[in-house]
Each structure stands twice: as C-alpha cells, then as structure tokens.
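The values are calculated or read from the model by the stated rules, or taken from the named source; none is laboratory data. Computed from a predicted structure; not experimentally measured. Glycine also receives a Cβ, built like all others from the backbone with ideal geometry; neighbour counts cover every protein chain displayed. Accessible surface is based on the protein model in full, side chains and every heavy atom, while ligands, DNA and RNA are left aside. Shrake-Rupley method; radii C 1.70, N 1.55, O 1.52, S 1.80 Å.
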Amino acid sequence: MDALAFLKGIESAPAYRRQMVAVENISPRDPRFSEPSRSLHPTLRSVLEHHHMWPLYLHQAQAVDRLGERRNIVVATPAASGKSLCYNLPVVNSVLEDRSSRAIYIFPTKALAQDQLRSLKQMTVGLPVNAAVYDGDTPHYERNSIRNSAQVILTNPDMLHMGILPHHRAWSRLLRSLKYVVLDEAHTYRGVFGSHVANVMRRLRRLCALYGSNPLFILCSATIANPGHLAEQIVGLPFSVVDEDGAPRGSKSFVFWNPPLRDADMLSASGEHAGQSPRFGGVLRPIRMSANMEAAGLLAELVASDIRTVAFARTRRAAELVYSYAKDRLDDQQPPQGNRIKPYKGSYMAEERRDIERALFDGHLTGVAATNALELGIDIGSLDATIITGYPGSIASTWQQAGRSGRRGDESLSVFIGRNDPLDQYFMNHPDIFFGRSVEAALLSPGNPHILRPHLLCAAYEMPITGQDAELFGYGVIEHLEDLLGQGLLRYSEGKWHIAPHVSYPPEEVNIRSASSSSYHVVEGETGRILETVDEHSAHLQLHPGAVYLHQGTSYLVEQIDLEAKLAKVVLDDGSYYTEASETTDISIRKIHASKVAGGVGVWLGEVEVTNQVVGYSKRAPMTEEVLGDEFVDLPPRRFNTVALWFDIPQKIIDRWRGGGPALAGGIHATEHAAIGVLPLFALCDRNDIGGVSTPLHPDTEKPQIFIYDGHPGGVGIAEEGFRVIDALWEATLSVVSECVCDSGCPSCIQSPKCGNHNYPLDKGVAGELLKSLCEG
C-alpha cells in the first residue's frame, strides 16, 4: 500500500480534526544472511533451496549452530522474522538423520498449532516427516495412532498438562526419544499463565529423566527486555539468547492518533457543556471522542479502499463495538463492503475462529476487529494496515500488534489510537518516549503457592516426588509438600511423597490460564446454545444481572447469572446502550516482605488480603459514551491473598490539606488512579492486572495510605517491580497529571473506569502537589 498517500487523503477529508499527533517513518532494511557452520542433511538443504529459504538469515544460522553445541536457545526477534525456521530446521534435520527422533511443539493456542502444522507440512512435502496436532479437538480415533507414530507432536500447554503428562506411560515412545521441546510465542508465558507453564515444564523434565531423554529446549519470543531470564524461569535451565535479527523489513508509517475533544455541538446535544464530563456536572473536564469510534472510522475507510486491515481492541466488548460501528458505516456508504469485515475473539467457539481466519487468509475478508487473540503469529495472509485501539499494556505488545502488517516486507501502516487513559495520553504527549524506550521485561512467579501447590499434586500423581525433584521445583518446596501432607492430599513413604489414595485426578482441578479453575458459560436463553466461555473474574464484571454482552456484533442482555452452575443466561437486546461495571475494594495487611525510604516517605512491599465486590454498573450511550444512568447489583464479595506495595503521604501534604474537606482524600485517590494507569509502563502487564486502594486513614497503619496490588492471587511479580521502580513510577505519574489539558481531572489522567466510588472524591491539584513532593523527596 501507499501509506503516505492514504494519510494525505485522511488529512484532506472534511471530518479530519488534527488527530495525527505524530508520524514515525520506519525505514526498510535489507536482509543479513549467514551459513551455519554445522552441515545440514542434503535433502533438507535441497528443500530449503526449493522453497527459497536459503541462504538462512543471520539469527536462523546462529540458532542452528548453538543447538549443534547442545545449548538451549531462546530466539527473540520481531514479528515476521522467520523464527519458526529456527526450530523447524533442527527438528526436521534430526528426523531425517534418525527416524526414531521425536519433538514436541507447544503453542499457546490451538489455532496457532494448526497454523504451524500447515506450514511444516508445506515445507516437508515428500519428506518422511510425520507431524500431527494433538489437542482437545483431535478425534479420539486418531489419538492412538498419533501417540505411536508421529515424530512431531504439536500441542498446547493445557493438553500437555491435562492429557499427556498424567498419562505418560502411554506416551513412553515420545518421552524416551524426545530430542527437542519447542515453546513458541514464549513472551505470552508471563503472569499467571507463564507461572503455570513453568511448573508444567518442570513436570515434563522430570518425566523425560524417568524415560532417559535429555531434550534441548527452543523458545521463540517477540522482542522483550529479558528473553534469557524469562526462558530460564520457564524451563529452569541455562539458555543462550539469539537476538540478532537478520530478516528484511519493509517501510512502515507508524501514526499516533489522538481522538479530538468533543465539540460544543455534540455536547449540547447530550445536555452537557463543552468539555464537561457527564459524571461531574458543573466541572470543566475535557472528554475526547471515543477511541472505538475513531478506530471504526479508520477501519471502514481502509476497508473501503481495499486495504487489508486488522483493528485490535483492548477488550472483547470493544472489539464487538469497533466491528458494529465500522459495519454500520460501510453499510451506509458502500454496502457490499460491510460483508467483508468480521469481529474476532478468543472466546468464540473454535469453528467460528477458524472460519474467520480462513476467510481473512483467502481474501474473502478485508478487515477484522479483534482482541489480542490475533496478536500471535497465526498466518492470516498479508496485511497492509493495523489499528491499535488503546495502548495494549506494553511496548512489546504494541510492536507485536503493529508487526502484523507488512509481514511480507511490503510497505505498511500502523495507527495507535489513544484512549481516555493516563498511559495512552502520556504516549500521545510523548511519542518520542515510546519510540526511544526499550521493551519491558516479562514477569512470572512459578513459586506462587496458589500455583505451585496444585502442580506438586499433579507431579505426585504422575510419579512419587523425591528430594531431588523438590530441587527441580525450587526453594521452599519441602514446606509446601509438608503442608499438602498435613492436608491429607499426599502421603509420605520410603523417602517419597505419594498422591493420597482418595485424590482422583489433580490436573482437572487446575486451570493453567487463570489463578482460578472456574469458568462461566454464556448461554442463549431461547435456544440453550453456548455462545462463549468467560473466566470467573471477568464473569463478575461482564455477566452481572443487567449487563449488556456483545457476541458477533449482536447485543445480548444478561437476565440471570447462576453462581453455582456457572452459567449466565442472556437474551437478545436492542443495543441502545452498553454497560460498564464498578467494584469496591478493601485491603488488609498480612505480612511485610520489604521496606525502604523513597521520596522522603516510607514504601513497603508485602502480603495483603483483598476483597473485591461488583456493586453496580453504568449504562452508556454507544456513540457518545454518555452516562445514561447507574444501577446497583447484588453479587457476593471475592477474597484473595496477593502482593502489594504501599507508601506514605508526605507529611507536609497531610498538614496542608487535612482540614480541607475532601481535598486530601481526593488527592490521594487521584494519585492512586493515575499511578495504576502508569505502572504498565514499567511492568509487562495490563491495567486490569492491577488494583488499588487509597484512604485518608487505613486501619492497619492508622495513617493515610496508597496501596497498589497485584490482581492475581499470590501475585506474579507486578507489585515487586513497582516497588523496585517506585521513584520512576512517581515521576511518570506526575508527567501524566501535570501535562493533561483538563482543569480538574478527566479519564486521561485521574479518573478510572473501574472505580467503585464513581470517581469521587478526586482532586487533581492536590494529586499534583503530592506527586511533586514525592519526586522532590
């Protein structure tokens, strides 16, 4: 595509309102080739030449050489750099040299496994390489044949955890001859999911030792700050990093697009004054146009111009909204094109997802509005443009989504649209920081007791745990084993921990995608058809009674949620509004792990108990996001232990504002909101992974306090990272608050969409003074 010509056309359009705040032109790059010092099987060399894959790129040749030295490797290069060849080459070479050689490929999604199977089969046509997918969708009549004869098994961590390791005797041929273990998209193995996968890898390693194999591990990752450390945390072995990208790159125009402030005409139509937030009558607070609407407009314009585009959205609901708005616009202006776009979410049933992937690959679709489920390397053909609707939570994910366009080395366009969010607006005001900043480090915590203990039960089910195995799972495991013994879940005999006889099948109690093992079905009331599945935490926020839920662009109203059966019954709705849940949070300190003085105040890190409760929701107009009303709901609280950081308020701020009515509470509250919004700048996480509490008087400390906690039971390292970089966090938060153009606070700086107190009280001025005091020390 001609990106610059498209952008000039946008600028000349009557509706353009100077939304483009920055355009970064990324230059093309020529390839760098290299030849591995280790010779490949001559048949494989001929295949590579036939498919125009020879000579190898620099990082591909380095990968082959280091594996030849018996070193585990992690390949960390950008999207579309040919990382899959880094594992396909050594695996196919090994099979050609020894027909008994086996490999297992592990992908985070079923779709990616199917996609990579197609690529592997295209590469090995006519070669004696038997590869097959083994996952929950594999027909039962094929499974025995795959176990016995497939040389390359493609699966996912869930199936490895649930269906392979617990039945290892049936997989003895694979485990005995296993030469390579591949984990693709390793950057996704962070947080709770990554911590689970790290324990699954340790279970795999102990079974490999049982059957006498010692496989090499190959991890492939998008560019992150700590690929070697992440790989070592996931697998528990030393790794060599391959990160010198030799692949070519096409030119890209990367646009930062900030939605305009809502004008007086639109505001007066909704009964507001110019720049006034609907929730804060009488106070001037600039509200920007909806990022979803801006994304929909751009998607419609790109599709109308026959430019193949994926528009990424932060949430499932946002993806549905972008699709609906764009389709409505295309149906009005160019009706045939409205049938050439679809929404895409990971929660869709597998058949729906594959139909959309196939249609996009074949060219039957020109545009898709998707969640980050399409961020991974599924081959959906050559895309010309990507729209990133809201900061995805990390610089690494932003580049990963942007990298979905221009994958064939052609010119491409990426547009990052800022939301009414502190971090989005921080980057809109400082695009140079985004382009000059290194990507983040991925965080995980395999030793989290909420995650580790269930895997110890799984390991004991597979075979008794010995003292040597305890070293494999890390420091403090003996204490956890003794606790499980005390609960009657294990028994100890002859120096080993055995699974207790009454414990039937531990893996089915562990959901490795979540700290909770529960999920909810969304059921269409009239037909009983299951539309989607939703994890427990999201269910309380998205499936409460009265919630509007979107599926394939169709609006449904939640009539009932059954907390015991874990079902939400929905009926068709007219879509005249959407809903946004609010929840309250209480926090109590359980144990202090560390403390320090920073900014002249005390800062702590420790274990806390958090109590969350969804208490209500607001109804919002789809186009303007105007609040139409607030409703209350009655759902039970959810309690969990996690890790938090908390810090004191400078005494001079307390002394100045203590008698000023809600000013002190508003300043503390505003600082908490803004800091939570900015923390993902430093830790590879999403804003929804973090929670906070602020109070003028906390019962445990008997003084004003701000808490920021890890939203996952047991914690996954987010609070620890915030504690480590607290000074930098305060500085970035001060920039967000002080540079926002509003007078007294708005969604771009101190308001939070999750606030259970309806963003009251908030005081931007006091927050600015508080943060300035912390930064000056």
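The relative contact order of segment 657-745 comes to 27 percent, based on Cα pairs under 8 Å that sit 6 or more residues apart.
Residues in segment 1-84 average 56 Å² of solvent-accessible surface per residue, probe 1.4 Å, ligands and nucleic acids excluded.
How would segment 300-395 be classified by its alpha-carbon gyration tensor: rounded, prolate or oblate, with rounded meaning a/c under 1.5 and the a/b versus b/c comparison settling the rest? Rounded shape, in that the Cα axes give a/c under 1.5. If the label point is 7 Å along Cα→Cβ of Asn757, which residues in segment 639-679 have backbone nitrogen under 11 Å from it? Backbone N within reach: 662-673. Which pairs, out of Lys110/Lys327; Lys566/Lys754; Lys342/Lys566; Lys8/Lys252, put more than 20 Å between their alpha-carbon atoms? Table pairs above 20 Å Cα-Cα are Lys110/Lys327; Lys566/Lys754; Lys342/Lys566.
Applying the Karplus relation 6.51 cos²θ - 1.76 cosθ + 1.60 with θ = phi - 60° to segment 707-720 yields 3J(HN,Hα) values of 10, 10, 10, 6, x, 10, x, x, x, 10, x, 5, 5, 4 Hz, where x marks Gly and Pro. Once backbone amide H atoms are built at 1.01 Å from N, Val21 has Phe256, Trp257, Asn258 as its partners under 5 Å, excluding neighbours fewer than 5 places away on the same chain. Spin-label pair Arg590-Val725: with each label point 7 Å from Cα along the Cα-Cβ axis, the two points sit 2.7 nm from one another. In terms of Cα atoms, the Rg and Dmax of the chain work out to 26.6, 82 Å.
Of the heavy-atom accessible surface of the chain (probe 1.4 angstrom), what whole percent is carbon and sulfur? Carbon with sulfur: 48 percent of the solvent-accessible area. When both segment 468-514 and segment 732-754 are represented by their alpha-carbon centers, they are found 48 Å apart. Given axes a ≥ b ≥ c from the Cα gyration tensor, I'd like to know whether segment 631-777 is rounded (a/c under 1.5), prolate (a/b larger than b/c) or oblate. The shape class here is rounded.
Over segment 387-488, accessible surface divided per residue gives 33 Å², non-protein components excluded, 1.4 Å probe.
To the nearest 0.05, what FRET efficiency results for Glu11 and Asn214 with a Förster distance of 51 Å applied to their C-beta separation? Working from the Cβ atoms, E equals 0.30. Placing a pseudo-label 7 Å from each Cα along the Cα-to-Cβ vector at Leu237 and Asp2 gives an inter-label distance of 5.3 nm.
When you restrict to C-alpha pairs under 8 Å that are six or more residues apart and normalise by the size of the chain, the relative contact order lands at 12 percent. In the chain, helical runs assigned H by DSSP with n ≥ 4 each contribute -39500 (n - 2.57); averaged across all residues and rounded to the nearest 500, the mean residue ellipticity at 222 nm is -10500 deg cm²/dmol. If R0 equals 30 Å, the separation of the Cβ atoms of Ile654 and Val741 corresponds to a calculated FRET efficiency of about 0.55.
Here Ile478 sits with roughly 80 square angstrom of accessible surface, probe radius 1.4 Å.
To the nearest 0.05, how large is the calculated FRET efficiency for Glu524 and Asn339 if R₀ is 35 Å and r is the Cβ-Cβ distance? So, using R0 = 35 Å, E works out to roughly 0.90. Taking label points 7 Å from Cα along the Cα-to-Cβ direction, Thr533 and Leu567 give a separation of 1.6 nm. Averaging 1/r over every pair of different alpha carbons in segment 349-498 and inverting the result gives a Kirkwood radius of 19.7 Å. Were the residues from Glu509 through His364 laid out at 0.36 nm apart, the gain over their Cα-Cα distance would be 48.1 nm. Looking at segment 593-718, the accessible area is 36 square angstrom per residue; that uses a 1.4 Å probe and ignores ligands, DNA and RNA. Under the shape rule built on the C-alpha gyration tensor, where the axes satisfy a ≥ b ≥ c, segment 644-697 is prolate, since a/c reaches at least 1.5 and a/b is greater than b/c. Full extension of the segment from Arg45 to Ala621, taken as 0.36 nm per residue of separation minus the current Cα-Cα distance, would add 201.4 nm.
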